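The values are calculated or read from the model by the stated rules, or taken from the named source; none is laboratory data. Quick caveat, the model's predicted, so the values are computed rather than measured. Heads up, the Cβs are rebuilt from the backbone with ideal geometry, glycines too, and the neighbour counts pull from every protein chain shown.
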Amino acid sequence: MKSDRIAAVAALLALLSPGISFGQDLATPVDTLKEAVVTSLKIERLIEETPANLNIVTSLDVKQHSSFTVADVLKFEPGLAIGGDGVWATNINVRGLSENRLVTLVDGNRIETATDLTASLSMIDVNDIERVEVIKGAQSSLYGSGAMGGIVNIITKDGYFADDTYFHGNLTGSFSSVNKGHSEYLSVNAGGSRWYLKLNGTYGHANDIMTPKGLLPNSGFTTTNLGARAGFKPAKNQILKFEFQRNWSTDVGIPGGAAFAASATATYKNIGRTLFNGSYEILDLNETWKSLKFTGFSQNIIRDVEMIPNTPKPQAGAWPEKVTPLGKHHTYGGNIQGTWEFGDDNTLVAGVDAWRRDISSDRNKYIKQFAAGEVKAEMIRNEKPFPAASYTSAGFFAQDESRFLDDRLIVRLGARLDGNFVKNEEGHNVEYIDNVTTGAHNDNPPGKIVTFEAGKKREFSWSGNLGAIYRLAPVADLVFNAARSYRSPSLEEYFKFIDLSGNKVRIGNVDLKPEDGLSADLGIRLHGERFSLEVSGFVNKINNMIVERKANTTGVNDTLILDNASKALLYGGDFNASFTIVRGLKVYALGAYTVGLETSKDNAWLPLIPPMNGTVGVAYNYPKVGGINLSAFFAGAKKEGNMAASDTATDSYYRLDLSLSTRPFHFGPCALQLFGGIDNLTNAEYRNFLSTNRNAISCEPGRNFYIRASLSF
């Protein structure tokens with residue numbers, strides 16, 4: 001603990017050392033509606049020209065909060081909620097739909113990972129985020145399978161071309177008291193008119209987190225990130241880019257997790273993500289053809305878990321001492337996309353993309369056989385949670401944007417056709433057993449059965465969307481979206497066999513049908529000089545919704561199997577409002593409410609639908625000094641009557657947060673900016689509904705003092 005404090009102090013002192021030459025990367029506020037550019041909808045546009053309901057979080061938002069992971073940055077946005085298995089392994093829920101019904105992108109590249117465990121958003125360097133774009137609502141017509149609830153596109157910091165040669169960098173250190181967590185981030189940038197290079201790295205460590213009830217056991221982590229980006233201009237109208245990202249985290253505690261037994265201690269001994277991607281773009285091929293872009297990527301994710309069941313040692317019989325699941329996920333693909341402008345009023349984007357995901361897994365159970373209280377034999381039982389399998393998807397998409405009535409009406413129409421192909425090897429409930437005591441190896445132990453036959457399957461699907469913005473007045477826009485979406489079952493849903501020596505066994509279903517949905521949302525945006533308001537209502541109907549059912553009604557262990565027995569209806573709304581009282585002083589409020597019903601089951605509530613929630617706050621910014629922000633977040637209760645039978649009830653709660661930031665202080669060639677604040681100012685004791693219902697998170701983090709210093713040179 002003492003060494004962590006020393007490391008944190010050293011990191012902050014290092015930020016006060018002199019730099020080489022003054023650069024950029026200073027945090028500056030952005031007028032979100034007028035200045036922020038959205039790229040996730042294939043056409044680069046300002047938000048006020050984008051017919052979609054969305055949230056944008058910038059690097060400044062990251063710096064102003066404690067922000068352990070990407071989900072921490074997003075959790076206070078309207079319509080978004082955070083869940084997960086502790087502090088590090090987190091995920092985002094968008095309007096009642098969680099990660100398996102969202103498409104998560106890093107710089108436009110898919111993250112494909114397990115659906116029973118969180119952490120897809122945790123394997124991204126939060127210090128290296130430029131912005132996060134969350135498109136709320138179905139977008140399968142652009143990104144294919146999975147985008148029934150929306151898109152989460154994490155855009156990391158890139159280099160840039162400049163007329164003059166440059167070199168600059170940024171050094172950021174942060175410390176959080178609630179878990180003695182610290183991180184140190186360094187990036188350097190160099191470039192010129194025809195090239196650029198950016199290198200970055202982060203090291204972070206945290207101990208178990210403190211809650212108002214005491215320490216949350218097994219919630220610490222250690223993480224490292226490395227990144228590199230390079231750009232070249234072979235010709236004036238050609239751009240070649242390369243990117244590398246690597247996250248590697250060790251000893252990541254998982255204090256919750258529905259896949260594990262309630263009494264188990266589970267840890268990611270190693271978990272990591274490696275990304276390579278490249279793109280080649282030709283601009284202005286002719287007067288109409290504005291861009292032709294080729295992209296390709298390869299991404300590997302590895303999960304190495306250690307689970308200690310913590311069950312009492314028996315006098316006789318088998319005792320599971322340790323279980324070590326291992327999963328490897330490889331996703332790779334490419335995209336060819338063209339952009340055409342047929343005059344000032346019409347833009348067409350069309351292309352083809354294809355990607356493939358391979359999964360392989362392994363699980364060892366270390367078992368001791370007892371007789372009369374003594375160990376008589378030690379064995380290793382080898383299993384595969386999933387048979388080796390692959391999922392391949394290829395599709396054609398097109399999106400047309402047209403402007404009418406002197407740009408008062410913008411209409412986007414998109415469509416997509418996809419072919420999806422699944423292949424798997426034969427799966428078994430056990431692969432082999434090694435008797436450590438005798439040295440015997442048995443490839444055909446008693447009770448070995450085939451759980452999944454080797455096979456192939458294919459399906460074809462289509463999706464479409466219609467989006468429109470109508471300018472009612474210079475400061476008022478009406479926004480409408482309608483979409484038809486789909487989601488193929490994931491490899492986990494088809495083939496999983498999760499048996500971790502607990503009281504639940506989870507089994508996939510090869511006969512699952514794809515989900516399909518119809519959704520619509522209608523909203524209004526007001527964006528005056530002093531007042532802004534965005535209000536949206538939505539409805540999302542899902543057919544063949546994949547749900548988990550009990551396969552047995554008796555016995556100690558629950559066998560849960562996936563099924564298409566459900567039709568679902570989700571509806572609700574969210575809003576975001578702000579008012580500038582005087583220059584620099586602003587009050588704001590935002591909120592969201594979602595209803596999720598299983599319409600094929602007497603309108604029973606769907607599980608894991610977040611409660612009504614919102615934030616109110618006041619912010620003041622004085623350019624000569626800095627800014628201060630005081631906010632109150634509240635969440636309603638989830639109890640019988642507004643939750644699923646399988647959910648755990650939670651009470652309503654509120655928490656206060658305070659954040660501070662200074663203006664950049666320039667000295668010599670450097671600039672220093674400080675951020676800090678207090679999370680959960682009153683040390684409130686509360687339970688987050690989504691985390692609670694992944695089992696073991698009964699109390700969220702307590703009062704947290706944090707500080708971040710950012711030195712640009």
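At-a-glance table
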quantity	calculated
Some residue of region 432-442 being in contact with a Phe, Trp or Tyr (Cβ under 9 Å, 6 or more places away or on another chain), without any contact (Cβ under 8 Å) to a residue 60 or more places away in the chain, farther than 30 Å from Ala316 by Cα and part of a strand (DSSP E or B)	no
Filter pass, Phe161 being in a strand (DSSP E or B) and not acidic (Asp, Glu)	no
Those residues of region 170-223 which are among the acidic types (Asp, Glu) and either closer than 30 Å to Asn310 by Cβ or assigned to a loop (DSSP other than H, G, I, E, B) (or both), in sequence order	Asp208
Condition broken by Glu492, with the remaining ones in (1) closer than 26 Å to Ser393 by Cα; (2) out of contact with any helix residue (DSSP H, G or I) (no Cβ under 9 Å at 6 or more places or on another chain); (3) outside any strand (DSSP E or B) satisfied	(2)
Search result, residues across region 205-215 that are buried (at least 16 other Cβ atoms within 10 Å of the Cβ) and among the aliphatic types (A, V, I, L, M)	Ala206, Ile209, Met210
Verdict on Gln238 being surrounded by fewer than 16 Cβ atoms within 10 Å (Cβ to Cβ) and out of contact with any Pro (no Cβ under 8 Å at 6 or more places or on another chain)	yes
Test: Lys567 is without any contact (Cβ under 8 Å) to a residue 40 or more places away in the chain, part of a strand (DSSP E or B), more than 23 Å from the chain's Cα centre (by Cα) and closer than 30 Å to Glu48 by Cα	no
Checking Asp116 against (1) surrounded by fewer than 24 Cβ atoms within 10 Å (Cβ to Cβ); (2) of a type in the set (Asp, Glu); (3) modelled with pLDDT of 90 or more, the condition it does not meet	(3)
Evaluation of Phe538 against (1) under 27 Å from the mean Cα position of the chain (by Cα); (2) at pLDDT below 95 (one fails), failing number	(2)
Condition broken by Leu658, with the remaining ones in (1) under 15 Å from Val587 (Cα atoms); (2) among the hydrophobic types (A, V, I, L, M, F, W, C); (3) at pLDDT below 95 satisfied	(3)
All positions within region 570-592 that are free of Cβ contacts under 8 Å to residues at least 60 places away in the same chain, over 30 Å from Ser488 (Cβ atoms) and not basic (Lys, Arg)	Ala577, Ser578, Phe579, Thr580, Ile581, Val582, Gly584, Leu585, Val587, Tyr588, Ala589
Output for region 344-362, where each listed residue is in a strand (DSSP E or B), free of Cβ contacts under 8 Å to residues at least 60 places away in the same chain and out of contact with any His (no Cβ under 6 Å at 6 or more places or on another chain)	Asn346, Leu348, Ala350, Gly351, Val352, Ala354, Arg356, Ser360, Ser361, Asp362
Residue list for region 659-698, restricted to those being farther than 22 Å from Ser174 by Cα and either among the aromatic types (Phe, Trp, Tyr) or within 22 Å of the chain's Cα centre (by Cα) (or both)	Tyr686, Arg687, Asn688, Phe689, Leu690, Ser691, Thr692, Asn693, Arg694, Asn695, Ala696, Ile697
Yes/no for Val625 being touching a strand residue (DSSP E or B) at 6+ places or on another chain (Cβ under 8 Å), among the β-branched types (Val, Ile, Thr) and at pLDDT below 95	yes
Residue satisfying condition, being under 30 Å from Arg45 (Cβ atoms), of a type in the set (Phe, Trp, Tyr) and surrounded by fewer than 24 Cβ atoms within 10 Å (Cβ to Cβ), within set Phe167, Phe161	Phe161
Residue pairs meeting the criteria (Cβ under 8 Å; at least 6 apart or on separate chains; first without any contact (Cβ under 8 Å) to a residue 24 or more places away in the chain, in region 646-664; second in a strand (DSSP E or B) and surrounded by 16 or more Cβ atoms within 10 Å (Cβ to Cβ))	Ala649/Lys638
Those residues of region 336-389 which are within 20 Å of Thr295 (Cα to Cα) and among the aromatic types (Phe, Trp, Tyr), in sequence order	Trp340, Trp355
Qualifying residues in region 217-237 (those that are of a type in the set (A, V, I, L, M) and farther than 30 Å from Ala266 by Cα) - the one nearest to the chain's Cα centre (by Cα)	Ala228
Cβ-Cβ under 9 Å pairs, at least 6 apart or on other chains, region 269-283 side closer than 25 Å to Ile301 by Cα, far side among the acidic types (Asp, Glu) and not in a strand (DSSP E or B)	Leu275/Asp107; Asn277/Asp107
Residue within region 160-179 that is of a type in the set (D, E, K, R), farther than 30 Å from Val87 by Cα and touching a Ser or Thr at 6+ places or on another chain (Cβ under 9 Å) present	yes
Unique match (being on the phi < 0 side of the Ramachandran plot, buried (at least 17 other Cβ atoms within 10 Å of the Cβ) and of a type outside the set (Phe, Trp, Tyr)) among Lys365, Lys313	Lys365
Exclusive hit being free of Cβ contacts under 8 Å to residues at least 40 places away in the same chain, of a type outside the set (Asp, Glu) and closer than 21 Å to Ala52 by Cβ, set Ala468, Ala473, Ala398, Ala415	Ala473
Candidates Leu283, Leu292, filtered to the one that is among the hydrophobic types (A, V, I, L, M, F, W, C), modelled with pLDDT of 90 or more and touching a Leu at 6+ places or on another chain (Cβ under 8 Å)	Leu292
Matching entry among Thr202, Thr224 (being under 18 Å from Ile129 (Cβ atoms), buried (at least 20 other Cβ atoms within 10 Å of the Cβ), among the β-branched types (Val, Ile, Thr) and in contact with a strand residue (DSSP E or B) (Cβ under 8 Å, 6 or more places away or on another chain))	Thr202
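Matching residues to (1) basic (Lys, Arg); (2) within 28 Å of Asn218 (Cβ to Cβ); (3) assigned to a strand (DSSP E or B); (4) out of contact with any Gly (no Cβ under 7 Å at 6 or more places or on another chain):
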site: Pro78; (1), (2), (3), (4): no, no, no, no
site: Gly86; (1), (2), (3), (4): no, yes, no, no
site: Val103; (1), (2), (3), (4): no, no, yes, no
site: Glu130; (1), (2), (3), (4): no, no, yes, yes
site: Gly146; (1), (2), (3), (4): no, no, no, yes
site: Ile151; (1), (2), (3), (4): no, no, yes, yes
